[in-house]
Amino acid sequence: ACFREYFVHKFRAMLGKNRVIFPGEKVLLALSGGMASSAMLRQVQEGLSRETAKRLRFVPGLVYIDEGAVCGQSRVQREQTLSRMEALLQETGFPYYLASLEQALELPGSVLRRGPGGDSEPSPSYKAAVEGFIQQQRQEEASGEGGTSPSTQDGPTGDSHARLPAAARTEELQRLFDAAETLTAKEELLQMLRSHLLLHTARTQGYTKVMTGESCTRVAVKLLTNLALGRGAFLAVDTGFVDSRHGDVTVVRPMRDYMAKEIAFYNHFFGVPTVITPPLHAKRREKTSIHRLMESFLLRLQVDFPSTISTVYRTGEKLSAAPAEANSELQRCLLCLCALDIAGEEELALEPTLVKEETGNGAESRAAFIPLLCYSCRLTFKEMGPPATLPTYVRTEAQHRSCRALMKQQIQEFLLEDDEEEPGGS
Amino acid sequence: GYQKPAKVDQTESAERAPRIIYARGICVSSWRPGILVLINDADWELMGELDYKLQDQDNVLFISTLHGG
(Lines give C-alpha, C1' and ligand atoms only; values in the text may rest on other atoms or scores of the structure.)
Protein backbone atom coordinates (compact mmCIF):
# COMPACT_ATOMS: atom_id res chain seq x y z
CA ALA A 1 0.00 0.00 0.00
CA CYS A 2 2.73 2.46 0.83
CA PHE A 3 4.55 1.51 -2.34
CA ARG A 4 1.50 2.49 -4.30
CA GLU A 5 1.25 5.83 -2.50
CA TYR A 6 4.91 6.46 -3.15
CA PHE A 7 4.62 5.57 -6.81
CA VAL A 8 1.55 7.72 -7.45
CA HIS A 9 2.92 10.59 -5.42
CA LYS A 10 6.13 10.63 -7.41
CA PHE A 11 4.23 11.16 -10.65
CA ARG A 12 2.18 14.03 -9.34
CA ALA A 13 5.21 15.58 -7.70
CA MET A 14 7.12 15.42 -10.93
CA LEU A 15 4.36 17.25 -12.80
CA GLY A 16 3.68 19.64 -9.97
CA LYS A 17 7.31 20.56 -9.43
CA ASN A 18 7.93 21.37 -13.05
CA ARG A 19 4.65 23.11 -13.78
CA VAL A 20 4.79 22.94 -17.53
CA ILE A 21 1.48 21.25 -18.11
CA PHE A 22 -1.29 23.77 -17.91
CA PRO A 23 -4.84 22.92 -16.96
CA GLY A 24 -7.01 21.94 -19.88
CA GLU A 25 -3.98 21.45 -22.09
CA LYS A 26 -4.06 18.67 -24.63
CA VAL A 27 -1.32 16.15 -23.87
CA LEU A 28 -0.44 13.27 -26.15
CA LEU A 29 0.82 10.14 -24.40
CA ALA A 30 3.30 8.21 -26.51
CA LEU A 31 2.76 4.55 -25.70
CA SER A 32 4.99 1.77 -26.87
CA GLY A 33 3.13 -0.98 -25.07
CA GLY A 34 6.18 -1.43 -22.87
CA MET A 35 6.26 -1.28 -19.11
CA ALA A 36 7.22 2.31 -18.51
CA SER A 37 4.75 3.91 -20.90
CA SER A 38 1.98 1.60 -19.68
CA ALA A 39 2.70 2.64 -16.11
CA MET A 40 2.62 6.24 -17.25
CA LEU A 41 -0.80 5.71 -18.78
CA ARG A 42 -2.04 4.19 -15.54
CA GLN A 43 -0.75 7.19 -13.57
CA VAL A 44 -2.55 9.56 -15.88
CA GLN A 45 -5.77 7.56 -15.54
CA GLU A 46 -5.48 7.55 -11.77
CA GLY A 47 -4.54 11.19 -11.63
CA LEU A 48 -7.50 12.31 -13.69
CA SER A 49 -10.04 10.35 -11.71
CA ARG A 50 -9.41 11.78 -8.29
CA GLU A 51 -11.66 14.21 -6.45
CA THR A 52 -11.63 17.72 -7.85
CA ALA A 53 -9.12 19.41 -5.60
CA LYS A 54 -6.25 17.08 -6.31
CA ARG A 55 -7.17 16.03 -9.80
CA LEU A 56 -4.76 16.26 -12.69
CA ARG A 57 -6.12 18.73 -15.11
CA PHE A 58 -5.08 18.06 -18.64
CA VAL A 59 -6.80 16.40 -21.59
CA PRO A 60 -4.99 13.26 -22.67
CA GLY A 61 -4.83 11.51 -26.01
CA LEU A 62 -2.96 8.31 -26.77
CA VAL A 63 -0.77 7.33 -29.65
CA TYR A 64 0.79 4.00 -30.49
CA ILE A 65 3.28 3.51 -33.31
CA ASP A 66 3.53 0.07 -34.83
CA GLU A 67 7.24 -0.47 -35.50
CA GLY A 68 6.89 -4.13 -36.36
CA ALA A 69 8.26 -3.63 -39.85
CA VAL A 70 11.74 -3.00 -38.51
CA CYS A 71 11.48 -5.30 -35.51
CA GLY A 72 11.24 -8.48 -37.48
CA GLN A 73 7.52 -9.01 -37.03
CA SER A 74 5.44 -10.63 -39.75
CA ARG A 75 2.24 -8.95 -40.92
CA VAL A 76 0.23 -11.46 -38.93
CA GLN A 77 2.17 -10.71 -35.78
CA ARG A 78 1.76 -7.00 -36.33
CA GLU A 79 -1.99 -7.44 -36.74
CA GLN A 80 -2.12 -9.33 -33.46
CA THR A 81 -0.08 -6.72 -31.63
CA LEU A 82 -2.25 -3.94 -33.05
CA SER A 83 -5.42 -5.69 -31.92
CA ARG A 84 -4.13 -6.10 -28.41
CA MET A 85 -2.95 -2.53 -28.26
CA GLU A 86 -6.20 -1.20 -29.64
CA ALA A 87 -8.19 -3.11 -27.03
CA LEU A 88 -5.94 -1.65 -24.35
CA LEU A 89 -6.35 1.88 -25.68
CA GLN A 90 -10.10 1.57 -26.07
CA GLU A 91 -10.40 0.50 -22.45
CA THR A 92 -9.18 3.89 -21.33
CA GLY A 93 -11.87 5.88 -23.06
CA PHE A 94 -9.37 8.48 -24.21
CA PRO A 95 -9.06 9.41 -27.87
CA TYR A 96 -6.32 7.33 -29.46
CA TYR A 97 -4.37 7.15 -32.67
CA LEU A 98 -2.79 4.07 -34.17
CA ALA A 99 0.11 4.86 -36.44
CA SER A 100 2.72 2.82 -38.22
CA LEU A 101 6.35 3.71 -38.68
CA GLU A 102 5.77 3.52 -42.43
CA GLN A 103 3.78 6.71 -42.13
CA ALA A 104 7.01 8.49 -41.30
CA LEU A 105 7.92 8.15 -44.95
CA GLU A 106 5.03 10.42 -45.86
CA LEU A 107 5.72 13.22 -43.44
CA PRO A 108 5.86 16.82 -44.67
CA GLY A 109 9.12 18.74 -44.63
CA SER A 110 7.61 21.11 -42.07
CA VAL A 111 8.10 18.47 -39.39
CA LEU A 112 11.81 19.33 -39.48
CA ARG A 113 11.13 22.96 -38.81
CA ARG A 114 10.69 24.48 -35.43
CA GLY A 115 7.12 25.55 -34.83
CA PRO A 116 6.04 28.96 -33.65
CA GLY A 117 5.72 29.71 -29.99
CA GLY A 118 7.66 28.07 -27.24
CA ASP A 119 10.11 30.26 -25.39
CA SER A 120 9.57 33.45 -27.35
CA GLU A 121 5.98 33.70 -26.17
CA PRO A 122 5.25 35.12 -22.76
CA SER A 123 3.27 32.36 -21.04
CA PRO A 124 0.78 33.11 -18.30
CA SER A 125 1.91 32.25 -14.84
CA TYR A 126 1.10 28.69 -13.89
CA LYS A 127 -0.76 29.69 -10.77
CA ALA A 128 -2.92 32.17 -12.63
CA ALA A 129 -3.72 29.54 -15.21
CA VAL A 130 -4.78 27.03 -12.57
CA GLU A 131 -6.94 29.57 -10.78
CA GLY A 132 -8.54 30.64 -14.02
CA PHE A 133 -9.27 27.04 -14.91
CA ILE A 134 -10.89 26.26 -11.55
CA GLN A 135 -13.07 29.35 -11.82
CA GLN A 136 -14.12 28.40 -15.30
CA GLN A 137 -15.04 24.91 -14.12
CA ARG A 138 -17.11 26.27 -11.24
CA GLN A 139 -18.98 28.51 -13.63
CA GLU A 140 -19.67 25.64 -15.96
CA GLU A 141 -20.93 23.46 -13.15
CA ALA A 142 -23.10 26.26 -11.81
CA SER A 143 -24.75 26.85 -15.14
CA GLY A 144 -25.37 23.15 -15.57
CA GLU A 145 -23.04 22.52 -18.47
CA GLY A 146 -21.07 19.35 -18.55
CA GLY A 147 -17.30 19.44 -18.72
CA THR A 148 -15.44 17.93 -21.62
CA SER A 149 -14.49 14.83 -19.73
CA PRO A 150 -13.32 11.94 -21.85
CA SER A 151 -16.27 9.73 -20.98
CA THR A 152 -18.74 12.07 -22.66
CA GLN A 153 -16.97 12.01 -26.00
CA ASP A 154 -18.37 10.00 -28.84
CA GLY A 155 -15.69 7.41 -28.59
CA PRO A 156 -12.14 7.52 -29.86
CA THR A 157 -11.36 9.76 -32.78
CA GLY A 158 -8.62 9.51 -35.32
CA ASP A 159 -7.35 6.46 -37.05
CA SER A 160 -8.96 3.97 -34.76
CA HIS A 161 -9.43 1.42 -37.49
CA ALA A 162 -6.21 1.94 -39.40
CA ARG A 163 -4.68 -1.35 -40.21
CA LEU A 164 -1.34 -2.30 -41.68
CA PRO A 165 0.12 -0.08 -44.40
CA ALA A 166 0.63 -1.29 -47.95
CA ALA A 167 3.36 -3.88 -48.40
CA ALA A 168 5.21 -1.55 -50.76
CA ARG A 169 5.54 1.01 -48.01
CA THR A 170 6.78 -1.61 -45.60
CA GLU A 171 9.42 -2.68 -48.08
CA GLU A 172 10.48 0.91 -48.62
CA LEU A 173 10.92 1.35 -44.89
CA GLN A 174 12.85 -1.88 -44.59
CA ARG A 175 15.12 -0.84 -47.45
CA LEU A 176 15.87 2.37 -45.61
CA PHE A 177 16.85 0.46 -42.50
CA ASP A 178 18.75 -2.21 -44.37
CA ALA A 179 20.81 0.49 -46.03
CA ALA A 180 22.10 1.57 -42.65
CA GLU A 181 25.45 -0.04 -42.08
CA THR A 182 25.55 -0.29 -38.32
CA LEU A 183 23.01 -1.13 -35.67
CA THR A 184 23.88 2.15 -33.95
CA ALA A 185 22.82 4.09 -37.04
CA LYS A 186 19.62 2.04 -37.21
CA GLU A 187 18.75 2.79 -33.61
CA GLU A 188 19.31 6.48 -34.19
CA LEU A 189 17.27 6.37 -37.37
CA LEU A 190 14.43 4.62 -35.56
CA GLN A 191 14.41 7.19 -32.79
CA MET A 192 14.48 10.00 -35.30
CA LEU A 193 11.56 8.69 -37.36
CA ARG A 194 9.60 7.90 -34.25
CA SER A 195 10.05 11.37 -32.82
CA HIS A 196 9.16 13.03 -36.12
CA LEU A 197 6.02 10.94 -36.38
CA LEU A 198 5.03 11.74 -32.80
CA LEU A 199 5.59 15.41 -33.42
CA HIS A 200 3.50 15.33 -36.57
CA THR A 201 0.66 13.52 -34.83
CA ALA A 202 0.72 16.07 -32.03
CA ARG A 203 0.75 19.00 -34.43
CA THR A 204 -2.04 17.75 -36.67
CA GLN A 205 -4.27 16.71 -33.78
CA GLY A 206 -3.76 19.89 -31.83
CA TYR A 207 -1.65 18.63 -28.93
CA THR A 208 0.87 21.00 -27.41
CA LYS A 209 2.58 18.46 -25.19
CA VAL A 210 3.82 14.92 -25.72
CA MET A 211 4.59 12.65 -22.77
CA THR A 212 7.10 9.86 -23.29
CA GLY A 213 7.74 7.06 -20.83
CA GLU A 214 11.50 7.05 -20.40
CA SER A 215 12.38 5.56 -17.03
CA CYS A 216 15.33 6.60 -14.88
CA THR A 217 17.22 3.57 -16.09
CA ARG A 218 16.49 4.43 -19.68
CA VAL A 219 17.46 8.07 -19.16
CA ALA A 220 20.78 7.13 -17.56
CA VAL A 221 21.58 4.77 -20.42
CA LYS A 222 20.58 7.43 -22.93
CA LEU A 223 22.75 10.00 -21.21
CA LEU A 224 25.91 7.96 -21.57
CA THR A 225 24.97 6.57 -24.96
CA ASN A 226 24.41 10.04 -26.35
CA LEU A 227 27.69 11.17 -24.89
CA ALA A 228 29.38 8.38 -26.83
CA LEU A 229 27.44 9.36 -29.95
CA GLY A 230 28.77 12.89 -29.87
CA ARG A 231 25.64 14.54 -28.50
CA GLY A 232 27.30 15.93 -25.41
CA ALA A 233 26.02 19.40 -26.22
CA PHE A 234 22.40 18.23 -26.22
CA LEU A 235 22.28 15.95 -23.18
CA ALA A 236 19.92 18.29 -21.37
CA VAL A 237 17.26 18.29 -24.09
CA ASP A 238 17.72 14.62 -24.88
CA THR A 239 17.25 13.44 -21.31
CA GLY A 240 15.74 16.31 -19.33
CA PHE A 241 12.19 16.58 -18.14
CA VAL A 242 11.37 19.19 -20.76
CA ASP A 243 12.42 19.01 -24.39
CA SER A 244 11.31 22.10 -26.26
CA ARG A 245 13.40 21.86 -29.40
CA HIS A 246 10.30 21.78 -31.62
CA GLY A 247 8.93 25.08 -30.36
CA ASP A 248 5.20 24.55 -30.55
CA VAL A 249 5.15 21.02 -29.16
CA THR A 250 7.00 20.24 -25.95
CA VAL A 251 8.12 16.74 -25.04
CA VAL A 252 7.85 15.88 -21.38
CA ARG A 253 9.33 12.88 -19.57
CA PRO A 254 7.39 12.29 -16.36
CA MET A 255 8.71 8.79 -15.73
CA ARG A 256 12.35 9.76 -15.63
CA ASP A 257 12.53 9.46 -11.85
CA TYR A 258 11.32 5.86 -11.77
CA MET A 259 13.78 3.00 -11.89
CA ALA A 260 12.87 0.26 -14.34
CA LYS A 261 12.66 -2.12 -11.44
CA GLU A 262 10.08 -0.01 -9.60
CA ILE A 263 7.98 0.17 -12.71
CA ALA A 264 8.17 -3.59 -13.17
CA PHE A 265 7.01 -4.21 -9.62
CA TYR A 266 4.22 -1.67 -9.85
CA ASN A 267 2.94 -3.15 -13.08
CA HIS A 268 3.05 -6.63 -11.62
CA PHE A 269 1.30 -5.80 -8.37
CA PHE A 270 -1.36 -3.57 -9.82
CA GLY A 271 -2.09 -5.40 -13.02
CA VAL A 272 -0.96 -2.81 -15.53
CA PRO A 273 -1.39 -4.38 -18.96
CA THR A 274 1.51 -4.30 -21.38
CA VAL A 275 2.07 -5.47 -24.93
CA ILE A 276 5.67 -6.44 -25.42
CA THR A 277 7.15 -6.31 -28.89
CA PRO A 278 10.59 -7.36 -30.06
CA PRO A 279 13.34 -4.73 -30.27
CA LEU A 280 14.99 -3.44 -33.42
CA HIS A 281 15.87 -6.33 -35.67
CA ALA A 282 19.60 -6.87 -35.96
CA LYS A 283 21.28 -8.82 -38.71
CA ARG A 284 23.93 -11.33 -37.96
CA ARG A 285 26.71 -9.16 -39.31
CA GLU A 286 25.90 -6.40 -36.86
CA LYS A 287 27.45 -7.28 -33.55
CA THR A 288 25.79 -4.72 -31.38
CA SER A 289 25.11 -1.04 -31.04
CA ILE A 290 26.46 1.64 -28.75
CA HIS A 291 23.00 1.72 -27.20
CA ARG A 292 22.99 -1.94 -26.26
CA LEU A 293 26.59 -1.87 -25.10
CA MET A 294 25.89 1.03 -22.81
CA GLU A 295 22.73 -0.57 -21.44
CA SER A 296 24.60 -3.76 -20.74
CA PHE A 297 27.49 -1.86 -19.14
CA LEU A 298 25.29 0.16 -16.82
CA LEU A 299 23.05 -2.70 -15.82
CA ARG A 300 25.96 -4.95 -15.00
CA LEU A 301 27.62 -2.22 -12.99
CA GLN A 302 24.33 -1.64 -11.22
CA VAL A 303 24.32 -5.21 -9.91
CA ASP A 304 27.37 -4.69 -7.74
CA PHE A 305 27.00 -0.94 -7.26
CA PRO A 306 23.28 -0.24 -6.85
CA SER A 307 23.72 3.52 -6.88
CA THR A 308 25.14 3.59 -10.41
CA ILE A 309 21.99 4.46 -12.29
CA SER A 310 20.81 7.07 -9.84
CA THR A 311 24.23 8.69 -9.75
CA VAL A 312 24.31 8.99 -13.53
CA TYR A 313 20.77 10.32 -13.44
CA ARG A 314 21.47 12.93 -10.76
CA THR A 315 24.54 14.10 -12.59
CA GLY A 316 22.43 14.48 -15.69
CA GLU A 317 19.89 16.50 -13.74
CA LYS A 318 22.49 19.16 -13.19
CA LEU A 319 22.63 19.85 -16.88
CA SER A 320 20.35 22.52 -18.17
CA ALA A 321 19.39 23.35 -21.71
CA ALA A 322 21.20 26.18 -23.45
CA PRO A 323 19.18 29.39 -23.68
CA ALA A 324 17.04 29.70 -26.78
CA GLU A 325 18.90 31.06 -29.74
CA ALA A 326 17.90 32.69 -33.01
CA ASN A 327 15.04 31.02 -34.76
CA SER A 328 16.62 30.81 -38.19
CA GLU A 329 16.18 27.34 -39.64
CA LEU A 330 19.73 27.40 -40.92
CA GLN A 331 21.04 27.19 -37.39
CA ARG A 332 19.33 23.94 -36.41
CA CYS A 333 20.29 20.41 -37.30
CA LEU A 334 18.20 19.00 -40.11
CA LEU A 335 17.53 15.71 -38.35
CA CYS A 336 17.52 16.30 -34.63
CA LEU A 337 16.55 19.97 -34.55
CA CYS A 338 19.21 20.82 -32.00
CA ALA A 339 21.42 23.85 -32.48
CA LEU A 340 24.20 23.25 -34.96
CA ASP A 341 27.32 22.89 -32.90
CA ILE A 342 29.90 23.13 -35.64
CA ALA A 343 30.58 26.54 -37.10
CA GLY A 344 32.61 27.93 -39.93
CA GLU A 345 35.97 26.63 -40.94
CA GLU A 346 36.01 23.49 -38.88
CA GLU A 347 33.56 21.96 -41.32
CA LEU A 348 36.12 21.98 -44.09
CA ALA A 349 38.60 20.07 -41.98
CA LEU A 350 36.05 17.41 -41.11
CA GLU A 351 34.57 16.97 -44.54
CA PRO A 352 37.16 14.66 -46.12
CA THR A 353 36.83 12.21 -43.24
CA LEU A 354 33.07 12.22 -43.23
CA VAL A 355 32.27 12.00 -46.87
CA LYS A 356 33.00 8.91 -48.88
CA GLU A 357 33.34 8.75 -52.65
CA GLU A 358 30.66 10.71 -54.43
CA THR A 359 28.81 9.92 -57.60
CA GLY A 360 28.60 13.64 -58.24
CA ASN A 361 24.85 14.03 -58.01
CA GLY A 362 24.86 17.63 -56.93
CA ALA A 363 22.18 18.27 -54.39
CA GLU A 364 21.72 14.58 -53.74
CA SER A 365 25.31 14.02 -52.78
CA ARG A 366 26.22 13.45 -49.18
CA ALA A 367 28.38 16.56 -49.13
CA ALA A 368 25.29 18.72 -49.52
CA PHE A 369 23.82 17.35 -46.31
CA ILE A 370 26.87 17.71 -44.11
CA PRO A 371 26.65 21.44 -43.37
CA LEU A 372 23.02 20.97 -42.33
CA LEU A 373 23.75 18.43 -39.62
CA CYS A 374 25.13 18.57 -36.11
CA TYR A 375 28.23 16.59 -35.24
CA SER A 376 26.56 13.38 -34.10
CA CYS A 377 23.97 13.41 -36.89
CA ARG A 378 26.85 13.66 -39.34
CA LEU A 379 28.37 10.51 -37.88
CA THR A 380 25.04 8.70 -38.05
CA PHE A 381 24.45 10.03 -41.55
CA LYS A 382 27.80 8.68 -42.65
CA GLU A 383 26.64 5.20 -41.64
CA MET A 384 23.30 5.44 -43.34
CA GLY A 385 22.60 4.48 -46.92
CA PRO A 386 22.94 6.78 -49.92
CA PRO A 387 20.84 9.96 -49.62
CA ALA A 388 18.45 8.62 -52.25
CA THR A 389 17.18 6.04 -49.73
CA LEU A 390 16.29 8.71 -47.18
CA PRO A 391 12.64 9.67 -46.80
CA THR A 392 11.40 12.31 -49.18
CA TYR A 393 10.69 14.88 -46.50
CA VAL A 394 14.31 14.81 -45.34
CA ARG A 395 15.64 15.32 -48.83
CA THR A 396 13.27 18.10 -49.79
CA GLU A 397 13.91 19.99 -46.59
CA ALA A 398 17.65 19.53 -47.05
CA GLN A 399 17.43 20.91 -50.56
CA HIS A 400 15.36 23.81 -49.36
CA ARG A 401 17.94 24.70 -46.73
CA SER A 402 20.90 24.27 -49.05
CA CYS A 403 19.29 26.62 -51.55
CA ARG A 404 18.60 29.19 -48.89
CA ALA A 405 22.13 28.98 -47.61
CA LEU A 406 23.50 29.42 -51.11
CA MET A 407 21.18 32.32 -51.73
CA LYS A 408 22.19 33.95 -48.49
CA GLN A 409 25.83 33.54 -49.39
CA GLN A 410 25.24 35.17 -52.76
CA ILE A 411 23.50 38.21 -51.38
CA GLN A 412 25.68 38.39 -48.29
CA GLU A 413 27.73 41.28 -49.55
CA PHE A 414 24.63 43.29 -50.26
CA LEU A 415 23.08 42.78 -46.85
CA LEU A 416 23.28 45.71 -44.49
CA GLU A 417 25.32 44.96 -41.42
CA ASP A 418 24.52 46.24 -38.00
CA ASP A 419 28.03 47.55 -37.49
CA GLU A 420 29.72 50.21 -39.51
CA GLU A 421 31.71 48.05 -41.95
CA GLU A 422 31.92 49.02 -45.56
CA PRO A 423 30.13 46.58 -47.85
CA GLY A 424 32.46 44.32 -49.86
CA GLY A 425 32.57 44.89 -53.60
CA SER A 426 30.04 47.05 -55.39
CA GLY B 1 28.94 -27.73 -26.89
CA TYR B 2 25.36 -27.54 -25.69
CA GLN B 3 24.87 -28.28 -22.02
CA LYS B 4 21.62 -29.82 -21.05
CA PRO B 5 19.90 -27.26 -18.82
CA ALA B 6 18.93 -28.48 -15.39
CA LYS B 7 15.35 -28.22 -14.35
CA VAL B 8 14.76 -26.47 -11.06
CA ASP B 9 12.91 -28.99 -8.98
CA GLN B 10 10.96 -27.26 -6.33
CA THR B 11 12.02 -29.65 -3.65
CA GLU B 12 15.71 -29.40 -4.42
CA SER B 13 18.22 -26.82 -3.38
CA ALA B 14 18.67 -23.89 -5.73
CA GLU B 15 22.39 -24.27 -5.25
CA ARG B 16 22.50 -27.22 -7.60
CA ALA B 17 20.75 -25.32 -10.35
CA PRO B 18 23.16 -23.48 -12.63
CA ARG B 19 22.20 -20.14 -14.08
CA ILE B 20 20.44 -21.89 -16.91
CA ILE B 21 17.05 -22.78 -15.53
CA TYR B 22 13.61 -23.80 -16.57
CA ALA B 23 10.61 -21.85 -15.49
CA ARG B 24 7.20 -23.37 -16.21
CA GLY B 25 8.80 -25.69 -18.72
CA ILE B 26 10.27 -22.88 -20.78
CA CYS B 27 14.05 -22.71 -20.93
CA VAL B 28 15.26 -19.37 -19.72
CA SER B 29 18.68 -18.38 -20.94
CA SER B 30 21.22 -17.51 -18.32
CA TRP B 31 20.11 -14.68 -16.14
CA ARG B 32 21.51 -11.27 -16.91
CA PRO B 33 21.18 -7.88 -15.27
CA GLY B 34 17.89 -6.29 -16.16
CA ILE B 35 15.84 -9.39 -15.54
CA LEU B 36 13.88 -9.27 -12.31
CA VAL B 37 13.40 -12.48 -10.41
CA LEU B 38 10.43 -12.64 -8.06
CA ILE B 39 10.08 -15.48 -5.62
CA ASN B 40 6.55 -15.43 -4.21
CA ASP B 41 6.17 -11.83 -5.34
CA ALA B 42 9.29 -10.74 -3.52
CA ASP B 43 12.55 -9.58 -5.04
CA TRP B 44 15.03 -12.47 -4.99
CA GLU B 45 17.70 -10.08 -3.71
CA LEU B 46 15.88 -10.19 -0.41
CA MET B 47 16.23 -13.97 -0.34
CA GLY B 48 19.91 -14.02 -1.14
CA GLU B 49 19.49 -14.57 -4.88
CA LEU B 50 21.02 -17.90 -5.85
CA ASP B 51 21.70 -18.80 -2.22
CA TYR B 52 18.04 -19.19 -1.59
CA LYS B 53 16.80 -22.75 -1.35
CA LEU B 54 13.58 -23.12 -3.23
CA GLN B 55 10.74 -24.55 -1.18
CA ASP B 56 7.88 -26.62 -2.40
CA GLN B 57 5.06 -24.51 -3.93
CA ASP B 58 7.36 -21.54 -4.41
CA ASN B 59 6.32 -19.31 -7.27
CA VAL B 60 9.17 -18.02 -9.40
CA LEU B 61 8.52 -15.22 -11.85
CA PHE B 62 10.90 -13.60 -14.34
CA ILE B 63 10.24 -10.08 -15.55
CA SER B 64 12.46 -8.51 -18.15
CA THR B 65 13.01 -4.77 -17.85
CA LEU B 66 15.08 -4.76 -21.01
CA HIS B 67 13.59 -3.58 -24.28
CA GLY B 68 10.93 -1.87 -22.22
CA GLY B 69 8.80 1.12 -23.26
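The values are calculated or read from the model by the stated rules, or taken from the named source; none is laboratory data. Just so it is clear, the structure is predicted and the values come from calculations on it, not from any experiment. Here the Cβ positions follow ideal geometry from the backbone for every residue, glycine too, while neighbour counts run over all protein chains shown. Quick note on the areas: whole protein, heavy atoms, side chains included, nothing else; ligands and nucleic acids left out. Shrake-Rupley method; radii C 1.70, N 1.55, O 1.52, S 1.80 Å.
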Roll a 1.4 Å probe over the protein heavy atoms and report the accessible area of A:K382 in Å², nearest 10.
80
Residue by residue, what Karplus-based ³J(HN,Hα) values in Hz, rounded to whole numbers, does segment A:402-415 have, using 6.51, -1.76 and 1.60 with θ = phi - 60° and x for Gly and Pro?
4, 4, 4, 5, 4, 4, 4, 4, 5, 9, 3, 5, 9, 6
Probe radius 1.4 Å, ligands and nucleic acids left out: which of A:H246, A:H281 has the largest accessible area, and how do the rest follow?
A:H281, A:H246
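May I ask you to rank A:R332, A:R314 by accessible area, largest first, using a 1.4 Å probe over the protein chains only?
My answer, sorted largest first, is A:R314, A:R332.
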Using the basic label-point model (7 angstrom from Cα toward the beta carbon), what is the A:Q412 to A:E91 distance in nanometres?
5.9
Can you classify segment A:164-236 as rounded, prolate or oblate using the Cα gyration tensor, where a ≥ b ≥ c are the square roots of its eigenvalues, rounded means a/c under 1.5, and otherwise it's prolate if a/b beats b/c and oblate if not?
oblate
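Kindly sort A:E171, A:E79, A:E102 by accessible area of their heavy atoms, largest first, with the probe set to 1.4 Å.
From most accessible down to least: A:E171, A:E79, A:E102.
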Is there a pair in A:K26/A:K283; A:K10/A:K127; A:K283/A:K318; A:K287/A:K318; A:K222/A:K382; A:K10/A:K209 whose C-alpha atoms are over 30 Å apart, and which pairs would that be?
A:K26/A:K283; A:K283/A:K318; A:K287/A:K318
Using a 1.4 angstrom probe on protein heavy atoms only, which residues from segment A:296-325 are buried by at least 50 Å² of accessible area when all chains are present rather than their own chain alone?
A:L299
Heavy-atom accessible area per residue - segment A:192-344, 1.4 Å, Å²:
43
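In Å², nearest 100, what accessible area do chains A and B bury in total when the solvent probe is 1.4 Å?
Values: alone 21960 and 5360 Å², together 25870 Å².
The buried area between A and B, both sides summed, comes to about 1500 Å².
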At what distance in nm do the modelled label points of A:S74 and A:T204 sit from each other, each positioned 7 Å from its Cα along Cα→Cβ?
3.1
Taking r as the C-beta separation of A:Q139 and A:S320 and R0 as 56 Å, the FRET efficiency to the nearest 0.05 is 0.90
Neighbours of A:E295 by Cβ distance under 12 Å: Lys/Arg at +1, Asp/Glu at -1, summed charge +4
At 1.4 Å probe size, with the rest of the protein present, what percent of the exposed accessible area of segment A:210-270 is carbon and sulfur atoms?
61
